[in-house]
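What follows is a short report on a single structure.
The values are calculated or read from the model by the stated rules, or taken from the named source; none is laboratory data. Fair warning: this is a prediction, and the values are worked out from it, not measured in the lab. No Cβ is skipped: glycine too gets one built from the backbone with ideal geometry, and neighbour counts run over all protein chains shown.
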Amino acid sequence: MIARWSKPHQREGRIKGFHVLVVGLSLLLTITAWQFSKYQGERQNKLLFEASRDQALGLIADRMVKYEDALWAGVAAIKSHGTDISYQSWQTFAETLRIGERYPGINGIGVIHFQTAETLDDYLARQHQDRPYFRIFPEHKQDVFMPITFIVPEADNTAAIGLDVAHEVNRRTAALASRDTGNAQITGPITLVQDADRTSGFLFFAPFYSSSPPDSIADRQTKFLGAVYAPFVVHRLMEGLLAQDLRNIRFDITDGDELIYDEHDTQDPMFDPAPMYSEQISLELYGRIWTLDVRTNLGFRQDNTLSKPTLILLAGLFIEMLIVALLFQMSRAHTRAVAYADKVTVDLIEKSTALAATNIDLSAKNDELEQFSYVASHDLKTPLRGIGGLTEMVQEDLENYLASASANPDVGKNLARIHDRVRRMERLTRGILEYSQTGSDNVADEPVELTEVIEAMTLDFGLDKDQLRLFGNVGVVDIDTFHFRRVLENLVGNAVKYHDRVNELRVSVSVQVVGKQFQVSVIDNGPGIAPEFHERIFCVFQTLQINDAPESTGIGLSIVKKAVERHGNKISLKSSLSKGANFTFDWPGSAQINPSRNIVRSA
């Protein structure tokens with residue numbers, strides 16, 4: 001009797017196991033097919049978006065290169081006429097270019113002549129010979145003049161003839177940058193005087209000189225005669241470049257903080273409030289950076305739906321439901337238990353995998369911290385102690401000499417300076433180690449005399465006393481002095497490093513009591529920093545590397561910014577090219593004014 005009942009039970013067990021295996025394999029196949037189809041669809045859609053994005057960027061860049069070629073052709077035409085081309089010759093050249101046919105989106109092409117107060121009257125006299133009505137406008141207080149002498153087609157640009165581009169900062173800045181670099185430049189956002197709609201536009205400059213090619217900024221400034229230029233209205237440029245009905249992406253363009261072109265119109269029938277893909281791209285064009293916000297529209301969504309993966313999933317799930325329904329009657333309880341066990345197993349595997357990854361990451365970070373601590377405490381301290389020991393041995397060997405009347409006093413002073421530098425390096429190493437292990441808040445504060453700091457930096461950087469000077473009414477800094485000293489050393493070190501003639505360097509450090517804090521300024525007479533880089537230089541590993549400039553890790557100013565911000569303050573920069581730099585920040589202090597310090601002090 002037992003044998004007869006055991007066989008059906010064993011067969012029933014084998015049937016259940018086989019059915020579960022079939023359901024599992026079928027479900028796995030369904031999910032795999034769904035995931036693969038979904039991945040392929042998403043990948044294809046992303047590639048389509050990237051191709052459309054790259055096409056738009058490429059068209060903009062290629063079109064601007066084409067416009068640049070037209071400007072340089074104008075420069076060549078002027079040089080072929082001995083740099084003094086007449087309006088008739090310029091009109092002939094422009095008609096030969098066929099700008100209306102070959103350069104859609106351009107408003108015209110013209111010539112700007114550079115003048116000073118000494119040459120302006122002679123320039124006007126020459127223009128009045130053929131055009132007595134010619135005048136320069138508007139009036140301004142700049143010491144240079146850059147009037148638009150002529151532009152073709154003249155009928156569409158009459159309002160621009162005689163306009164002095166030096167009167168407005170964006171026009172003037174781009175024109176002078178083109179002069180100084182010898183390269184084509186575009187302006188920041190402006191409104192063209194000939195644009196009745198008053199929309200965003202810009203000018204495109206290409207310089208020409210009395211001789212070519214000038215090989216330095218000073219040479220270019222001396223020989224600069226003017227520029228060939230072209231005005232653009234942004235929306236006309238884009239209409240002639242990218243027809244909206246032929247693409248499934250929309251974009252806007254921002255120059256700095258100003259929106260100069262916008263296709264994200266909520267009234268557009270193809271506007272997608274939740275685009276499938278979007279991306280912001282920075283495009284560097286002739287001295288400006290345009291930021292494009294690219295998004296897909298409803299046409300892209302309609303053409304690239306992910307319906308196929310959904311259908312695969314639904315069909316697979318329907319088949320699974322049929323299979324499960326058949327098996328449910330045979331082993332309802334068993335099926336539920338297996339499903340629950342599978343779910344718990346998957347969750348445990350996922351959690352175990354995540355936990356293992358976290359443990360690996362933490363272990364790697366701990367290893368890095370231990371390695372850093374070892375290097376700081378052994379590889380840095382040991383050679384410093386060796387230098388100190390050797391210095392003491394030299395000092396002992398020279399003891400009789402130093403005590404003699406014929407001894408050179410500088411020898412003793414230099415040995416003392418070596419001891420001082422070794423002690424400072426040991427404190428620096430110890431401070432870095434403490435900062436890495438327990439946080440910079442635990443670095444001990446030792447009040448420092450500002451005059452001592454300035455004197456030390458003067459020696460460290462090999463400067464004369466009149467090259468690094470101290471101003472203000474503060475004598476001692478007593479809060480977070482470790483980082484305060486590092487901040488000053490970084491700022492002064494940068495001034496020394498990037499000055500092209502160090503013997504002409506002048507750096508002033510000012511520390512004043514303002515409210516409950518110290519206001520600190522470090523001002524130099526170096527080459528200056530262009531405004532568009534004022535934010536970038538404080539980012540870690542960012543450096544404005546130029547030809548023949550010293551190597552830089554790009555971390556110094558990021559350390560300065562972090563040290564200042566950890567006290568809830570900010571560092572600001574006032575600078576422009578060839579005008580030096582002024583770094584200003586607040587630092588916590590006792591806010592006690594020392595009247596005897598309210599004078600200029602030098603190192």
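Could you look through region 85-127, keep only residues that are part of a helix (DSSP H, G or I) and of a type in the set (A, V, I, L, M), and pick out the one that is surrounded by the fewest Cβ atoms within 10 Å (Cβ to Cβ)?
Ala125
Just one of Val514, Val492 is aliphatic (A, V, I, L, M), modelled with pLDDT of 90 or more and farther than 29 Å from Val422 by Cβ; which is it?
Only one candidate qualifies: Val514.
One residue is enough: does region 34-56 have a residue meeting the conditions among the hydrophobic types (A, V, I, L, M, F, W, C), at pLDDT below 75 and in the same structural domain as Asn304 (by TED's automatic domain parsing)?
yes
So which residues in region 145-179 are under 37 Å from the mean Cα position of the chain (by Cα), in a helix (DSSP H, G or I) and either under 21 Å from Glu118 (Cα atoms) or of a type in the set (A, V, I, L, M) (or both)?
Ala160, Val165, Ala166, His167, Val169, Arg172, Ala174, Ala175, Leu176, Ala177, Arg179
Return the pair list, or none, for Cβ contacts closer than 7 Å from residues in region 69-81 that are under 13 Å from Thr92 (Cα atoms) and in contact (Cβ under 8 Å) with a residue 60 or more places away in the chain to residues that are in a helix (DSSP H, G or I) and among the aromatic types (Phe, Trp, Tyr), at least 6 apart or on different chains.
Close Cβ pairs (under 7 Å, with a partner that is in a helix (DSSP H, G or I) and among the aromatic types (Phe, Trp, Tyr)) amount to Gly74/Phe93.
What are the pairs with Cβ atoms under 7 angstrom where one residue, in region 483-508, is crowded, with 18+ Cβ neighbours inside 10 Å and the other, located anywhere, is assigned to a helix (DSSP H, G or I) and of a type in the set (Ser, Thr, Tyr)? Sequence gap at least six, or different chains.
The qualifying pairs are His483/Ser440.
Go through region 478-494 and report how many residues are touching a Gly at 6+ places or on another chain (Cβ under 7 Å) and closer than 9 Å to Val560 by Cα.
1
Do the conditions hold for Gln142, that is, is it in the same structural domain as Ala227 (by TED's automatic domain parsing), of a type in the set (S, T, N, Q) and not in a helix (DSSP H, G or I)?
yes
When only residues in region 271-304 that are within 30 Å of Ile186 (Cβ to Cβ) and either more than 22 Å from the chain's Cα centre (by Cα) or not assigned by TED's automatic domain parsing to the domain that holds Asn170 (or both) count, which is surrounded by the fewest Cβ atoms within 10 Å (Cβ to Cβ)?
Only one residue fits best here, namely Phe271.
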